[in-house]
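Undergrad: Mind looking over this structure? Questions follow.
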Amino acid sequence: MSSLPADGFAAFIWRSLRCPTGGPGDARAAKRFAAGENRPAIHIEPVEAPAAKGFSGLRETKPILAVRDLAKTVPGGRRLFSGLDLEVKAGELVAVVGESGSGKSTFLNILAGLDDGDSGEVVVDGTATGGLDERGRTELRRTRIGFVFQAFHILPYLTLRQNVALPLALVSGDAAAIESQADAKLAAVGLGDRGGSYARDLSGGELQRVAIARALVHEPALILGDEPTGNLDPETAGRVLALFAGAVREGDAAAVIVTHSRSVAAVADRVLTLTSNGLSDADRAR
Ligand SMILES: Nc1ncnc2c1ncn2[C@@H]1O[C@H](COP(=O)(O)OP(=O)(O)OP(=O)(O)O)[C@@H](O)[C@H]1O
């Protein structure tokens, strides 16, 4: 992707949404807008998409994630789990622990619609993934799900701003608004001055913060993390986790994090253990 171009009109739209009482620059831009300048080139709708907080009322009463009686067998016939039930509400962070090979990553992939259970149901923000075709699942991931992996997957040939902007760029043509949202999210993870840097310039902890900014930039309803602190030293992991938990709670999202780490368990609202019989309450002190 080439650099995201600045666009005066788009910047005006952005400022108008963020700051209704703009300065003289906004007044001039407003005149141009009234005169119809540039209007056809802009696709405004996605700028309003982050107002996913409009779902807040709904999210308070309904779980963001509902899993019912899920079962999964992998090729070769081994049953990983069955009878798995889970509900996660807005602002709630659930950690999933379990033995290596118990199926934690497979479970996350099913939640993201990247894999299928043998039976059972997964409902994300009111949408049953089982009823969606590939296109519908992709759309669900783009608009409703943020995924943080152990390996950061920050693309080295894009700036950090462009990396964070990717989920928005997939659904919007409004480059300036996208760039502003990416910068705001980078600022939220303490990297507001690094938007023009590249991955090679950052430490592991900083890269993971970029990955979190990217996972949250489109204000997903459901945040999934697969060992998101696995590559970090304990102190950095703690800082990243606090950031993650804050973003989940303030952003009104639900989160499921697969981990072997005690520090993840420490910030979670619930710690559940995955076994062949599904998820069960774990000892928080483990
Ligand atoms: N497509 C597949 N074909 C065959 N076996 C698979 C497939 N996908 C997963 N498995 C097996 O299912 C088991 C669960 O894998 P998974 O990665 O979900 O476990 P995990 O709990 O995340 O493990 P870890 O904690 O070590 O990362 C493993 O034994 C894995 O080899």
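Undergrad: By a straight-distance test (C-alpha under 17 Å), which aspartates and glutamates pair with residue 62 as possible cross-link partners, with residues fewer than eight away in the same chain excluded?
TA: Output for residue 62: 85, 87, 92, 121, 125, 252.
Undergrad: Separate question: Could you check the simple spin-label distance between residue 193 and residue 266, using points 7 Å along Cα→Cβ, in nm with one decimal?
TA: With each label placed 7 Å out from Cα toward Cβ, I get 2.9 nm.
Undergrad: Follow-up. Sort 157, 198 by accessible area with a 1.4 Å probe, largest first. Spell out each step's value before the answer.
TA: On the way: 157 150, 198 70 Å².
Listed by decreasing accessible area, they come as 157, 198.
Undergrad: Enter the mean projected area of the convex hull around the alpha-carbon atoms of the range 125-234, in nm², rounded to one decimal. Numbers along the way, then the final one.
TA: Working: hull surface 29.9 nm².
The directionally averaged projection comes out at 7.5 nm².
Undergrad: By the gyration tensor of its Cα atoms, with a ≥ b ≥ c the square roots of the eigenvalues, what is the shape of the range 55-281: rounded for a/c under 1.5, prolate for a/b over b/c, or oblate?
TA: Values: a/c = 1.74, a/b = 1.43, b/c = 1.22.
Judged from the Cα gyration tensor, the range 55-281 comes out prolate (a/c at least 1.5, a/b above b/c).
Undergrad: Residue 238: net charge of surrounding residues, Cβ under 14 Å, Lys/Arg +1, Asp/Glu -1, itself excluded? Intermediate results must be reported in sequence, preceding the final value.
TA: On the way: positive: 209, 239, 262; negative: 233, 235.
Taking every other residue near residue 238 into account, the sum is +1.
Undergrad: Count the net charge of all other residues whose Cβ sits under 13 Å from the Cβ of residue 71, scoring Lys and Arg as +1 and Asp and Glu as -1. List each step's numbers first, then the result.
TA: Numbers: positive: 68, 72, 78, 79; negative: 69, 85, 115, 116, 118, 121.
Overall, the nearby charge balance is -2.
Undergrad: Between residue 151 and residue 74, what is the label-point separation in nm under the 7 Å Cα-to-beta-carbon projection?
TA: Computed distance between label sites residue 74 and residue 151 equals 1.7 nm.
Undergrad: Which peptide among 222-233, 204-215 comes first, and what is the full order, when sorted by highest mean count of other Cβ atoms within 10 Å?
TA: Values: 222-233: 21.6, 204-215: 23.4.
Going by the mean number of other Cβ atoms within 10 Å, highest first, we get 204-215, 222-233.
Undergrad: Continuing with this model, one more query. Does the range 95-178 come out rounded, prolate or oblate by the C-alpha gyration tensor, with a ≥ b ≥ c the root eigenvalues, rounded set by a/c under 1.5 and, if not, prolate when a/b is larger than b/c and oblate if not? Provide the component values of the computation, followed by the final result.
TA: Working: a/c = 2.95, a/b = 1.44, b/c = 2.05.
Since a/c reaches 1.5 but b/c is at least a/b, the shape of the range 95-178 is classed as oblate.
The values are calculated or read from the model by the stated rules, or taken from the named source; none is laboratory data. Source: prediction; values computed, not measured. Note that each Cβ is placed from the backbone with ideal geometry, even for glycine, and that neighbours are counted across all protein chains shown. These accessible areas exclude ligands, DNA and RNA; they are computed on the full protein's heavy atoms, side chains included. Shrake-Rupley method; radii C 1.70, N 1.55, O 1.52, S 1.80 Å.
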